[in-house]
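Structure, as structure tokens:
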Amino acid sequence: HVARNTVVLAYQHLVDEGFLVARERSGYYVNEDILRDRVQVAAPTATTSRIKWSHYLRFRPTVQRNLSKPANWQQYPYPFVYGQIDPNLFPTAEWRECCRDAASIAAIHAWSSDRIDQDDPELVEQIHTRVLPRRGVWAQPDEILVTLGAQQALYLIADLLLTARHTVAMEDPGYPDARNIFTARTAQVQPLTVDRQGLVPGPGLSGCQYVYVTPSHQFPTTVTLSRERRELLLAQAIKDGFLVIEDDYESEFNFRGEPTPALKSLDREGVVIYVGSLSKTLAPGLRMGFMVAPAEFIREARALRRLMTRHPPANNQLIVAQFLRRGYHDALVRRLSHVLKDRWQAMHTALTQHLPGWPVNPSFGGSS
């Protein structure tokens, strides 16, 4: 049995939503305007397209070598996949608090309007005053651009700088998606040797216009580029006239020794374009990154981003800004560092104990 008032309220709600119309002394009827608004289209027939898309596609990303992950990889008992934070460590209560505040009437009025190509000023301020100084990087707000993860930053950089006549040098082994972004624009991607001190500067950089490097936590070996190598790389960049693209990948999780300042912090000539990520520590699905470069370059990158996505979702930017401002991100990084270091040590001990005949190269940490 259902109370009469409940039924009346249900019908009234359907009327308010436009699904029903009430006719005096007659009853409730389905609103015919709903049906009129639908476009009448015949059901598609089973036909084979005669269009040969290979004649139209100027580029086929599917033929590139990519990392392959099963669709249900997160359901595996032991998902050995790099760069993925344990979702059980996600700060649910703190994130929910920031989401709730970003959903207030005043906040909605602030972020729901079309900002065209502008970022949330509070998020830029938090990156400027809190995130970058921790890495030894100092930049003005007009030298910072928020991106949909570090990967969009790399895409924007490549689109603005690379042509088929340019040569890009990068670590080998290195980040596959960065390589694919570069090879989409030039076939001249020069592999660079990596050893236990990271990328090896030297003759391999000759003739390059750009060098992509992950100095804080090399992908995939996890080694950290030594201070001496960093200075050699910057000196060679100034001498030979190439730019360095620094991907500060997982700089938060170095478990051997003191954290190393970003390569950008040593740059006195403006030869380094810095790329960072906030979603790597918080949640990869959030897709929140940023780049730091001279204001002239950032203006062009902002204009290009406008053509692609205008700007990252403004509500997410505000939530992340509040998460940073309240110190929740700092607390999360400390917690992750503690938990991941324990797991890192346990893995190293287990490998040494159970695979005594196998050489185990010491890693520097990270989420993997």
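Rounded, prolate or oblate: which one fits segment 2-148, using the alpha carbon gyration tensor with axes a ≥ b ≥ c (rounded when a/c is under 1.5, else prolate when a/b beats b/c, else oblate)? Since a/c reaches 1.5 but b/c is at least a/b, the shape of segment 2-148 is classed as oblate.
For Cα Rg over 2.2 N^0.38 Å, the value computed from the atomic coordinates appears in the list (i) 1.02; (ii) 1.07; (iii) 1.25 under label (iii). Compared with the dominant Cα axis of the chain, that is its longest principal axis, helix 314-325 is turned about 50°. Highest mean packing comes first when the peptides 128-138, 282-292 are listed by Cβ atoms within 10 Å, giving 282-292, 128-138. Annotation: amide H-H contacts under 5 Å for VAL211 (H modelled 1.01 Å from N, sequence separation of 5 or more, or interchain): ALA169, LEU243, VAL244, ILE245. Working note: Karplus 6.51/-1.76/1.60 with θ = phi - 60° gives segment 274-280 the couplings 9, 10, x, 9, 9, 6, 5 Hz, where Gly and Pro are set to x.
Relative contact order, whole percent, for the chain stands at 21, derived from Cα pairs under 8 Å and 6 or more residues apart.
Kindly rank 154-165, 237-248 from highest to lowest mean number of other beta carbons found within 10 Å of each residue.
237-248, 154-165
Determine the distance separating the Cα centre of segment 332-356 from the Cα centre of segment 203-223; give it in Å without decimals. The two parts, judged by their Cα centres, are 26 Å apart.
Relative to the longest principal axis of the Cα atoms of the chain, helix 92-102 runs at roughly 60 degrees. By the rule of a C-alpha distance below 21 Å, with chain neighbours fewer than 8 residues away ignored, the lysines paired with LYS264 are LYS239, LYS280. Taking the average, over residues, of other Cβ atoms within 10 Å as the packing measure, peptides 325-338, 167-180 rank 167-180, 325-338 from highest down.
So, in Å, what gap is there between the alpha-carbon centers of segment 252-312 and segment 146-183? First find each Cα centre; the distance between them is then 13 Å.
Values quoted throughout were computed directly from the atomic coordinates according to the rules given, and no laboratory measurement underlies them. Since we're looking at a predicted model, the values are computed, not measured. Because the Cβ atoms are built from the backbone with ideal geometry, glycine has one as well, and the counts that use them run over all protein chains shown.
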